[in-house]
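Colleague: Take this structure first; my questions come after.
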Amino acid sequence: MKVMVGVSGGIAAYKAVELVRALQRHALDVRVTMTRAATRFVQPLTFSALTGHRVMTSLWEASADASSDAPIDHIAEAQWADLLVVAPATADILARFAHGLADDFLTTMYLATPAPVLVAPAMNSVMWEHAATQANVETLRQRGVRVVEPDAGQLACGMVGPGRMAEPEQIASAVLGALGRSHDLAGEVILITAAGTREALDPVRFLGNRSSGKMGYALAEAAQSRGARVILVSGPSSLHPPIHCETVRVTTAEEMRQAVLARQAEATIVIKSAAVADYRPVAVAAQKMRRSGPLTLELQPTEDILAEVARRRAPGQLIVGFAAETEDTVQQGRAKLLRKGADAIVVNDVGREDIGFDSDDNAATFLTMSTAIDLPRMSKRKLGDRILDEIVALRRPQSLLVEMSSAEMESLREQPAPPRKAILIE
């Protein structure tokens, strides 16, 4: 999702740098626009370096494309954003917003955006408590603008009282709330494997598969956006991992095994979405093999990483595997779930042409020992969130037991056991 950060001219402008980083940690795409006064406190280059985007500071900046077809910047940026957050929001910028003034890039974009708007005021206590400022804030609230109230404390002017801008993480949480983003994985450490592995035949050739890594990377982005710390162990892929994601690059199945086992103890959840090679050559040629007729390769099985991770699991650690199948998908997935000892298996039919390897879409079935939940075709990013929804649901029974009082637990113990039923399976 896309967030425009507006920075107006107050001493708290330096905190906007921390806000940008906080939003990026939640896998949000961030751009920045600054008032002219704001550039006296922080250089635009700082934000440009952090975001990788040009920082808008004037309505009169030359567009990158001066042709008649070039977009009008303040309109294009206003349409681009899913949310506009202004931090710090000075008394002046609040007044301009409230009265519809539009004489610079930020105020003009505010009037042009259909996106939700959130402001984090910052100013002297007397200015904040002034009737005019309070009236402007109330006007904005009535128009649907969300306000992150300033904190009370020591101010830059030396006074003590309300007016200090809220902390960047608090503003970031408000942004996530305004975007409808859940933060239900805060405190979790999720280890995700992605992409395929390659097993060398000689210095030139390798055995591999068609995995692009898109599903695993989508899971990593979804998990990070929901507050988790993510460790991504990735085979070769042209994709860029989410910002601030801890990424470990590997090539072979054995390298992936070593990387996963080295980091497993840190994780509360392990998601094995990588397409790991099942076999590798018994011998690797030291020089390039020359074509000379039919060739027979002797292969040996690679280690079963998912089964080993399940055996080594720590108490409370959830293990979720993936199964790429081409026939009898649910039956094959159920069999794999039983063999591996995982908590769940995500099965997808890679035989379909419209989903699977290298596609932006996917569909799957989320299997546990007692359930089979259909996840219909959707983007891999959305599917990542749906898979995480089901993983979160696996946590709920444990959480409910932890939250039960000792009296409730004793009450359960005193209840008679339900009658047992004999089930005949033919």
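Colleague: Could you list, in sequence order, the residues of segment 2-49 that are more than 19 Å from ALA166 (Cβ to Cβ) and either part of a strand (DSSP E or B) or in the same structural domain as ILE243 (by TED's automatic domain parsing) (or both)?
Modeller: Hits for segment 2-49 are LYS2, ASP29, ARG31, THR33, MET34.
Colleague: Then there is this: Could we say that LYS214 is modelled with pLDDT of 95 or more and not aliphatic (A, V, I, L, M) here?
Modeller: No; evaluated as a whole, the condition is false for this residue.
Colleague: Name every residue in segment 311-322 that is of a type outside the set (Lys, Arg), over 23 Å from the mean Cα position of the chain (by Cα) and surrounded by 15 or more Cβ atoms within 10 Å (Cβ to Cβ), in order of residue number.
Modeller: none
Colleague: Can you name the residue in segment 201-245 that is assigned to a loop (DSSP other than H, G, I, E, B) and in contact with a helix residue (DSSP H, G or I) (Cβ under 6 Å, 6 or more places away or on another chain) and is also farthest from ASP389 (Cα to Cα) among such residues? Don't jump to the end; show me each part of the working.
Modeller: Start the filter on segment 201-245 by keeping residues that are assigned to a loop (DSSP other than H, G, I, E, B), which leaves 201-205, 208-213, 226-228, 235-245.
Then keep just the ones that are in contact with a helix residue (DSSP H, G or I) (Cβ under 6 Å, 6 or more places away or on another chain); that gives 239, 242-245.
Details: LEU239: 24, PRO242: 20, ILE243: 22, HIS244: 22, CYS245: 20 Å.
Restricting to residues being assigned to a loop (DSSP other than H, G, I, E, B) and in contact with a helix residue (DSSP H, G or I) (Cβ under 6 Å, 6 or more places away or on another chain), the top hit is LEU239.
Colleague: Can I ask one more? Might you check whether a residue that is over 18 Å from LYS380 (Cβ atoms), basic (Lys, Arg), touching a residue at least 24 places away in the same chain (Cβ under 8 Å) and surrounded by fewer than 21 Cβ atoms within 10 Å (Cβ to Cβ) occurs anywhere in segment 284-297?
Modeller: Let us first name the residues in segment 284-297 that are over 18 Å from LYS380 (Cβ atoms), namely 284-297.
Next, from what is left, pick out any that are basic (Lys, Arg): 288, 290-291.
Restricting the remaining residues to those that are touching a residue at least 24 places away in the same chain (Cβ under 8 Å) gives 288.
In the following step, the residues that additionally are surrounded by fewer than 21 Cβ atoms within 10 Å (Cβ to Cβ) were identified as 288.
Yes, because at least one residue in segment 284-297 is over 18 Å from LYS380 (Cβ atoms), basic (Lys, Arg), touching a residue at least 24 places away in the same chain (Cβ under 8 Å) and surrounded by fewer than 21 Cβ atoms within 10 Å (Cβ to Cβ).
Colleague: Whether any residue in segment 154-161 is small (Gly, Ala, Ser), in a strand (DSSP E or B) and not assigned by TED's automatic domain parsing to the domain that holds GLU266 is what I want to check. Let's see the steps before the verdict.
Modeller: Just the residues of segment 154-161 that are small (Gly, Ala, Ser), to begin with: 156, 158, 161.
Next cut, in a strand (DSSP E or B) only: 161.
Now narrow it down to the ones that are not assigned by TED's automatic domain parsing to the domain that holds GLU266: 161.
The answer is yes, given that some residue of segment 154-161 is small (Gly, Ala, Ser), in a strand (DSSP E or B) and not assigned by TED's automatic domain parsing to the domain that holds GLU266.
Colleague: If you don't mind, another one. Just checking, how many residues over segment 344-382 are hydroxyl-bearing (Ser, Thr, Tyr), more than 21 Å from GLU221 (Cα to Cα) and surrounded by 14 or more Cβ atoms within 10 Å (Cβ to Cβ)? Before the answer, list the steps.
Modeller: Kept after step one, since they are hydroxyl-bearing (Ser, Thr, Tyr), are these residues of segment 344-382: 359, 365, 368, 370-371, 379.
Among the residues that remain, those that are also more than 21 Å from GLU221 (Cα to Cα) are: 368, 370-371.
Next cut, surrounded by 14 or more Cβ atoms within 10 Å (Cβ to Cβ) only: 368.
Looking only at that region, the number is 1.
Colleague: Among the residues of segment 175-193, what is the count of those that are assigned to a helix (DSSP H, G or I) and touching a residue at least 60 places away in the same chain (Cβ under 8 Å)?
Modeller: Number of matching residues: 3.
Colleague: How many of the residues in segment 246-272 are closer than 23 Å to ALA307 by Cα, part of a strand (DSSP E or B) and not hydrophobic (A, V, I, L, M, F, W, C)?
Modeller: 3
Colleague: Residue pairs, Cβ under 7 Å, 6 or more apart or interchain, first in segment 6-23 and within 16 Å of LEU176 (Cα to Cα), second in a helix (DSSP H, G or I) and charged (D, E, K, R). List them.
Modeller: Pairs found: ALA22/GLU169.
Colleague: Could you tell me whether any residue of segment 162-171 is within 32 Å of the chain's Cα centre (by Cα), modelled with pLDDT of 90 or more and among the basic types (Lys, Arg)?
Modeller: Taking every residue of segment 162-171 in turn, none turns out to be within 32 Å of the chain's Cα centre (by Cα), modelled with pLDDT of 90 or more and among the basic types (Lys, Arg).
Colleague: Within segment 185-206, take every residue that is more than 21 Å from GLN264 (Cα to Cα) and surrounded by fewer than 18 Cβ atoms within 10 Å (Cβ to Cβ) and give me the one that is nearest to the chain's Cα centre (by Cα).
Modeller: So, considering only residues that are more than 21 Å from GLN264 (Cα to Cα) and surrounded by fewer than 18 Cβ atoms within 10 Å (Cβ to Cβ), the one nearest to the chain's Cα centre (by Cα) is ALA200.
Colleague: Among (1) at pLDDT 75 or above; (2) surrounded by fewer than 19 Cβ atoms within 10 Å (Cβ to Cβ); (3) under 25 Å from the mean Cα position of the chain (by Cα), there is one condition GLN331 misses while meeting the rest; what is its number?
Modeller: (3)
Colleague: Do you know which residues across segment 227-245 are of a type in the set (A, V, I, L, M) and surrounded by fewer than 21 Cβ atoms within 10 Å (Cβ to Cβ)?
Modeller: Within segment 227-245, LEU239, ILE243 qualify.
Colleague: Of all residues in segment 253-292, how many are closer than 24 Å to LEU201 by Cβ, touching an Asp or Glu at 6+ places or on another chain (Cβ under 6 Å) and not hydrophobic (A, V, I, L, M, F, W, C)?
Modeller: Total meeting the criteria: 3.
Colleague: Whether any residue in segment 194-211 is assigned by TED's automatic domain parsing to the domain that holds ALA314 and without any contact (Cβ under 8 Å) to a residue 40 or more places away in the chain is what I want to check.
Modeller: Checked segment 194-211: at least one residue is assigned by TED's automatic domain parsing to the domain that holds ALA314 and without any contact (Cβ under 8 Å) to a residue 40 or more places away in the chain.
Colleague: Going through segment 309-355 one residue at a time, which ones are of a type in the set (A, V, I, L, M) and closer than 16 Å to THR268 by Cα?
Modeller: Residues satisfying the conditions are VAL309, ALA310, ALA314, LEU318, ILE319, VAL320, ALA342, ALA344.
Colleague: With the structure loaded, tell me whether LYS272 is under 21 Å from the mean Cα position of the chain (by Cα), among the basic types (Lys, Arg), buried (at least 16 other Cβ atoms within 10 Å of the Cβ) and under 21 Å from SER237 (Cα atoms) or whether it fails that test. Don't jump to the end; show me each part of the working.
Modeller: Numbers: under 21 Å from the mean Cα position of the chain (by Cα): yes; among the basic types (Lys, Arg): yes; buried (at least 16 other Cβ atoms within 10 Å of the Cβ): yes; under 21 Å from SER237 (Cα atoms): yes.
For LYS272, the condition - under 21 Å from the mean Cα position of the chain (by Cα), among the basic types (Lys, Arg), buried (at least 16 other Cβ atoms within 10 Å of the Cβ) and under 21 Å from SER237 (Cα atoms) - is met.
The values are calculated or read from the model by the stated rules, or taken from the named source; none is laboratory data. None of these values were measured; they are calculated from a predicted model. Quick reminder, even Gly has a Cβ in these numbers, built from the backbone with ideal geometry, and neighbours come from all protein chains shown.
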